[in-house]
Structure formats: C-alpha cells, structure tokens
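The values are calculated or read from the model by the stated rules, or taken from the named source; none is laboratory data. Keep in mind that what you see is a predicted model, and the values were worked out from it rather than measured. Quick reminder, even Gly has a Cβ in these numbers, built from the backbone with ideal geometry, and neighbours come from all protein chains shown. Note: areas computed on protein heavy atoms with side chains; ligands, DNA, RNA excluded. Shrake-Rupley method; radii C 1.70, N 1.55, O 1.52, S 1.80 Å.
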Amino acid sequence: MERVLLTRDLTIRFGGQVAVDRVSCAFQPGTLTAIVGPNGAGKTTYFNLISGQLRPSGGEVFLGGARLTHMSAPARARRGLGRAFQLTNLFPDLSVLENVRLAVQAQAGTGLDFLSMAASHADLRDRAWAQLERVALTARAATPASVLSHGDQRKLEVAILMALEPDVFMFDEPTAGMSVDEMPVVLDLIERLKASGDKIILLVEHKMDVVRRLADRVIVLHNGALVADGEPAEVVASAIVREAYLGVSA
Amino acid sequence: MKPLSGDRPGHPAATALILLLLAALVALPFVLPGARAMGTGGRIAIFVVLAASYDILLGYTGIVSFAHTVFFAIGAYAVAIPLARGWGGWESILLGTLAGAVCAATLSAAIALLSLRVRAIFFSMVTLAAASLAQLLASQMRDVTGGEDGITFALPPALTPAFRLLAEPLFGTRVDGRMLTYYLILAVALILFLAMLRIVNSPFGRVLQAIRENAFRAEALGYRVVTYRALASGLAGGFAALAGSLFALQLRYVGPDSVLSFDIMVDILLMVVIGGMGTLFGPALGAALIVMCHTYLQLALQSMPQTVRDLPLIGPLVGPLLAPDRWLLWLGVLFVAIVYAFPAGIVGTLRQRRRA
C-alpha cells in the first residue's frame with residue numbers, strides 16, 4: 001500500500017487566534033511539496049501538527065492509513081516522520097558525530113541497551129559518518145555542535161534528519177541563513193532524495209528560486225488556511241498568491 | 001579500565017588524582033591503621049558511589065532531585081532492620097541489600113514517572129516533599145525504624161573487630177573483622193562505580209546525555225524522554241540504595257540523622273558540582289574531598305600553631321576565625337575558591353582545557 005501522508009481539517013487555535021485553519025491535504029511518495037506563504041501564515045505550526053510537537057484543536061493526521069493524531073512526537077518519529085527544524089535545534093555540547101550517531105541509534109532502536117558500550121557499535125558510528133560525508137562535515141566530526149558556523153549547523157540538522165531514514169522528510173527552511181556557496185550541498189542532497197522516488201518530502205521555503213528548482217508541487221498557506229495548490233509555475237502565477245505572498249517579492 | 005567502559009578521566013591530572021585516590025584507599029589500613037582512618041576511607045568509598053549515582057541524574061540526565069538521600073536510607077534500613085531483629089547474618093545482609101535496591105529503584109522510577117512530566121522546578125519540589133516525608137516516616141515509625149534513636153545492630157562475627165583472620169599481623173597490622181569490612185565495602189564500591197561508568201557509556205547513557213542537552217530534540221528523534229528519565233531515576237535510586245547498605249555495614253547503626261538529613265543531600269550536591277557534573281570521575285574526587293574536609297578540617301584548625309593566634313594585630317582578628325568550630329566557614333571558602341578556579345568542576349574544567 002502507498003504510504004500517503006494525509007491531513008484532514010487540521011486546525012489549531014491559540015486562544016482566539018486560528019493558526020492553522022482546516023487544512024486538508026494529501027502528500028504522495030516520490031513528490032516534493034513546497035509549502036510557501038508569508039511569515040506567520042502557519043507553515044511551521046502546520047509542520048508541528050504533523051510531526052507531533054503540537055496537538056491539534058481539531059482534524060486528523062494519517063500516515064499510510066494509520067491515525068497519528070493522538071500519538072506523541074517520539075511515537076510519530078518511530079513511525080517514519082522525520083523532522084528538521086527551522087531554528088537550529090541540536091545537542092549543543094555533544095560532538096557533531098554524536099549528534100548524528102544519536103539519530104542513527106534512534107533509527108536502529110537500541111537506545112534502551114545499557115549493557116553494551118555505545119563505542120562498540122561500530123556499524124552505527126559508520127552510518128553516522130556516512131551521513132556526515134554527504135553534508136561534507138567529516139572534518140568537524142569531533143567538534144561540539146555549538147561551535148559550528150550557522151551554515152554548518154544547518155547542514156548538521158539535515159544530516160540528523162537523513163540519519164533517521166524516515167518515510168516523510170520535513171525540511172523547515174533548510175538553507176535559511178546559509179551563504180550562497182554552502183547551499184548546493186543541501187539542495188543537491190534533497191534533489192537526490194527526491195530522485196530515490198519513494199519518499200514524501202515536505203519543504204517550507206521562502207526562496208522562490210529554490211522552490212522552482214526542487215518542487216513538484218506547491219501549496220500556499222495564508223492566515224493558516226490553504227489557499228492554493230498545484231504545479232509550481234501555475235501556483236506562482238495565480239492571482240491569490242501574487243496578492244498574498246509574492247506581491248512583495250516577485 | 002578500557003575493556004570495561006573505555007571511559008577515562010580525560011586529563012593527566014585527573015587520571016593521577018583518581019589513581020592516587022584508589023591507591024590511597026587500597027593501602028589505607030596498612031598505612032594508617034586505626035578505626036578513624038578506616039572509617040574515613042570507607043565513608044569516601046561509599047560516598048563515591050552515592051555521588052556518582054546522583055551524577056547519573058544531575059550530570060547526565062539533567063534532573064535536579066532532592067530525594068536522593070531517601071534511596072540511600074532505604075538501602076541502609078533494609079540491611080539494618082533484619083539484622084537488628086536477629087533474622088540471620090549474611091543472608092539477611094544479602095537479601096536486605098537486594099530488597100532495598102529493588103524497592104528504591106521502583107520508588108525512584110515511580111516518583112519520576114508521576115512527576116517528571118511537569119516542569120523541572122515542580123519535579124524538584126516534589127522530590128523535596130518526598131524527602132521531608134521520608135524523614136517524618138523514619139522518625140515516627142518507631143517500631144520499624146527505631147525512630148530518632150535509629151537502630152544499632154550486630155554484624156556476622158567475621159565482620160566484627162574481635163575477629164582475627166590471620167593469627168600474625170600482616171605488615172605490622174592486625175587483619176581483623178574491621179579490615180575485612182573495610183575491604184568488602186571498598187571492593188563493592190569499586191564494582192558499583194565501574195558498573196555506573198559502563199552504563200553512562202552505553203547507548204542508553206548516550207540518550208541520557210542527549211536528553212540533558214535538548215529533550216525536545218531527543219523526542220523528535222523518537223526517544224520517549226519520560227521513559228528514559230524514569231529509568232535513569234530508577235538506576236540512580238538503586239545504586240544509592242546499594243551505597244546505603246554499605247553505609248549500614250560500616251556504621252553498624254542507622255538513624256535518620258546519619259542517612260536522611262538534608263546535610264547529606266547538600267554534601268552530595270557539593271561533591272557532584274565540585275568534581276564536575278556529567279563526568280562520574282569528578283563526583284568521585286568531590287566525594288573524597290568533601291569527606292576529608294568533614295573529618296580533617298576541624299583537626300587541622302585545632303592543630304593550628306598558637307603562634308598564629310598570638311601575632312599582634314592579625315591575631316585577634318584572625319584568631320576567632322581559626323577556632324576549630326569555624327571549620328564550616330573554611331569549607332565554604334574552599335568551595336567558592338574551587339568553583340571559581342574550576343567553573344565546570346574539577347574534572348569538567350580539566351577536560352575542557354584539554355580540548356581547547
């Protein structure tokens with residue numbers, strides 16, 4: 001069966017404010033969907049509702065037919081929802097390699113093993129190392145994550161997500177704050193991920209050139225509601241998007 | 001040590017101090033014979049275990065609990081109560097120790113499960129309440145715990161001072177039951193410390209550090225943070241209880257003041273912070289330092305030469321501060337000085353310097 005990610009009437013209110021307003025959307029494997037919209041449109045909140053950092057006021061989340069709505073964030077992560085964060089969210093005092101190794105270990109499900117030594121699991125370490133190679137961070141493997149440059153921290157964030165080997169990849173502005181020459185590493189990585197053909201990829205992104213390059217489909221959130229959904233060219237051209245979002249930047 | 005856990009103190013000076021501590025504890029009965037020195041040595045060994053178990057919570061998992069003495073006390077009473085009632089010798093020590101550890105681990109994990117979902121500060125308050133409640137219970141349940149007076153009990157003959165293992169003294173020192181008790185405590189403490197060292201270096205231990213660093217992110221990776229915190233609390237409680245059982249053997253007495261007082265809780269905190277949180281070796285050094293201060297600072301002040309007190313001008317000013325009962329003041333000064341020189345604790349700061 002196809003592992004489709006589905007949100008149905010997904011809603012969250014903070015006090016009187018509706019941050020995400022009855023968003024219904026299905027995401028297919030092999031498709032990269034970009035989620036765009038102005039600041040405060042509810043993109044990150046929508047992500048938090050899908051990955052479980054927030055519980056909805058209403059509506060449902062399904063993955064591959066299984067209802068995730070009332071599952072905790074760790075339970076959803078174990079079911080294949082992988083999340084990278086917009087604000088850098090690492091283990092600051094642990095080494096770069098250990099940051100990724102923890103993700104590999106979570107994926108392998110050996111966290112409760114307290115009898116063996118972590119250092120003796122060379123396979124997990126090697127898998128973590130391979131992820132660092134993909135984002136060109138092996139030179140910094142032993143440094144604490146907190147001393148990395150902003151761009152390198154963003155790359156590490158991506159490496160952690162890749163190490164989880166999820167079915168659903170959720171990138172929240174992966175290239176935000178990166179210099180122009182740092183971006184290709186991350187963008188190429190996402191492109192290759194897309195080429196593998198069986199992953200659901202969601203991408204919150206402000207940079208329209210990135211969206212045009214990577215996205216198969218674009219959805220637009222505005223004041224928490226889904227206002228447009230379609231092929232990148234068609235959505236970017238639509239009047240509602242020009243008014244809501246691109247009017248400022250296009 | 002490498003095949004056991006691969007963990008090292010992380011700095012030549014720290015390694016030297018740890019080895020010195022170990023050598024001193026092993027050689028102690030022959031170098032400084034007598035009840036007082038062995039009493040201090042045994043206390044150090046026991047507090048190394050107690051402080052290290054607290055480090056699993058505070059340093060590795062980032063949990064601030066004030067109930068650690070409760071589990072220490074459970075282990076102590078679990079050995080004392082059957083022995084005081086004359087329910088056998090070795091088997092009640094063994095069973096009592098085991099039962100105490102299981103009880104303490106279960107209770108510790110249960111408190112964590114019930115209250116770690118709330119904010120960290122509320123968890124600390126809950127543990128404070130639990131500690132007060134335990135003190136109240138220990139002093140009120142006279143039939144079981146002996147109330148404020150505590151329980152005095154006899155150990156199996158082989159562990160009493162009257163017992164002679166060898167007819168002739170070894171290296172000029174009598175090999176008696178007191179020495180056997182000392183080495184029993186030292187051996188068990190060493191095994192427990194190595195076991196904890198192994199646990200914090202296991203895949204499980206790594207997750208605890210991840211939770212300390214960023215619990216939110218650990219959840220997003222799929223780790224059930226509440227489960228891990230509860231298990232860490234259970235382990236720490238269990239090890240604290242084992243230290244408590246050793247303490248009962250050492251003192252041949254258990255009372256609320258000796259195992260449950262807040263002074264002990266404060267001492268544990270000091271040991272972990274001075275030694276370096278999240279290093280395990282650090283709290284071991286901290287334990288040695290604090291226990292030695294408790295025993296010898298007062299003596300040192302007593303033996304301060306009279307000439308210092310008789311100095312003109314300085315004498316009347318400094319004299320009262322050097323009175324033996326002012327030793328706590330000097331402990332405070334020492335603490336401030338160490339924290340100032342080693343902001344991340346002794347081992348923690350040494351490791352940082354090595355890395356930099």
Quick one: net charge around B:Leu180, please, counting Lys, Arg +1 and Asp, Glu -1 for every other residue with C-beta under 14 Å from its C-beta.
+3
For chain A, report the translational diffusion coefficient in µm²/s to the nearest whole number, using Stokes-Einstein at 37 °C, 0.692 mPa s, and a Kirkwood Rh over Cα pairs.
175
If a/c stays under 1.5 just call it rounded; otherwise compare a/b with b/c (prolate if a/b is bigger, oblate if not). Do that for the range A:81-165, with a ≥ b ≥ c from the square roots of the Cα gyration tensor eigenvalues.
prolate
18 Å Cα-Cα reach of A:Lys207 towards aspartates and glutamates, excluding residues that sit fewer than 8 places from it in its own chain:
A:Asp172, A:Glu173, A:Asp181, A:Glu182, A:Asp188, A:Glu191, A:Asp216, A:Asp229, A:Glu231, A:Glu234, A:Glu243
If you count only protein heavy atoms with a 1.4 Å probe, what accessible area per residue comes out for the range A:1-126, rounded to a whole Å²?
40
Rounded to two decimals, the Debye log10 I(q)/I(0) of the range B:26-280 (Cα scatterers, no solvent) at q = 0.15 Å⁻¹ is -1.02
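Would you tell me the mean number of C-beta atoms belonging to other protein chains that fall within 10 Å of each C-beta in B:222-231, as a whole number? Write out the running numbers ahead of the final one.
On the way: counts 19, 9, 8, 3, 2, 3, 2, 0, 0, 2.
Partner Cβ neighbours, averaged per residue: 5.
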Starting from the range B:28-91, pick out the trypsin sites (Lys or Arg not before Pro) whose DSSP state is loop and whose Cβ has at most 15 other Cβ atoms within 10 Å.
B:Arg85
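Need one number: buried accessible surface between chains B and A, 1.4 Å probe, both sides summed, DNA, RNA and ligands left out, in Å² to 100. Mind showing how you got there, number by number?
On the way: alone 17270 and 11510 Å², together 26040 Å².
Result for this pair: about 2700 Å² buried.
Above 17 Å lies some portion of the pair distances; for the range B:57-187, what is it as a whole percent of all C-alpha pairs?
Taking all Cα-Cα pairs of the range B:57-187, the fraction more than 17 Å apart is 67 percent.
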Taking the Cα atoms only, what angle lies between the long axis of helix A:96-108 and the longest principal axis of chain A, rounded to 10 degrees?
80
Compute the acute angle (0 to 90°) between the alpha-carbon long axis of helix A:150-163 and the principal axis of greatest extent of the alpha-carbon atoms of chain A; round to the nearest 10°.
80
So which residues in the range A:60-108 end up with at least 40 square angstrom less accessible surface once the other protein chains are there, compared with the chain by itself, probe 1.4 angstrom?
A:Pro74, A:Arg78, A:Asn89, A:Phe91, A:Leu94, A:Leu102, A:Ala106
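Keeping all protein chains in place, calculate the accessible area per residue for the range B:142-227 (probe 1.4 angstrom), answer in Å².
Numbers: 3740 Å² over 86 residues.
The answer is 44 Å² per residue.
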q = 0.14, 0.15, 0.17 Å⁻¹, the range B:1-87: log10 I(q)/I(0) [Debye, one scatterer per Cα]
-0.77, -0.86, -1.02
Whenever you get a sec, compute what percent of the accessible area on the range A:66-219 sits on carbon and sulfur atoms (1.4 Å probe).
54
Packing-based order for A:117-129, A:95-107, using average beta carbon neighbours within 10 Å, highest first
A:95-107, A:117-129
Rounded, prolate or oblate: which fits the range B:164-313 when a ≥ b ≥ c are the square roots of the eigenvalues of the alpha-carbon gyration tensor, with rounded for a/c under 1.5 and prolate only if a/b beats b/c?
oblate
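Let a ≥ b ≥ c be the square roots of the eigenvalues of the Cα gyration tensor of the range B:141-222; is it rounded (a/c under 1.5), or, if not, prolate (a/b larger than b/c) or oblate? Spell out each step's value before the answer.
Working: a/c = 5.58, a/b = 1.86, b/c = 2.99.
Oblate.
Just the C-alpha atoms of the protein assembly as shown: what Rg/Rh do they give, with Rh taken as the Kirkwood radius?
Working: Rg = 29.8 Å, Rh = 27.4 Å.
Here the Rg-to-Rh quotient is 1.09.
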One quarter of the convex hull surface, Cα atoms only: what value does that give for the range B:282-356 in nm²?
6.1
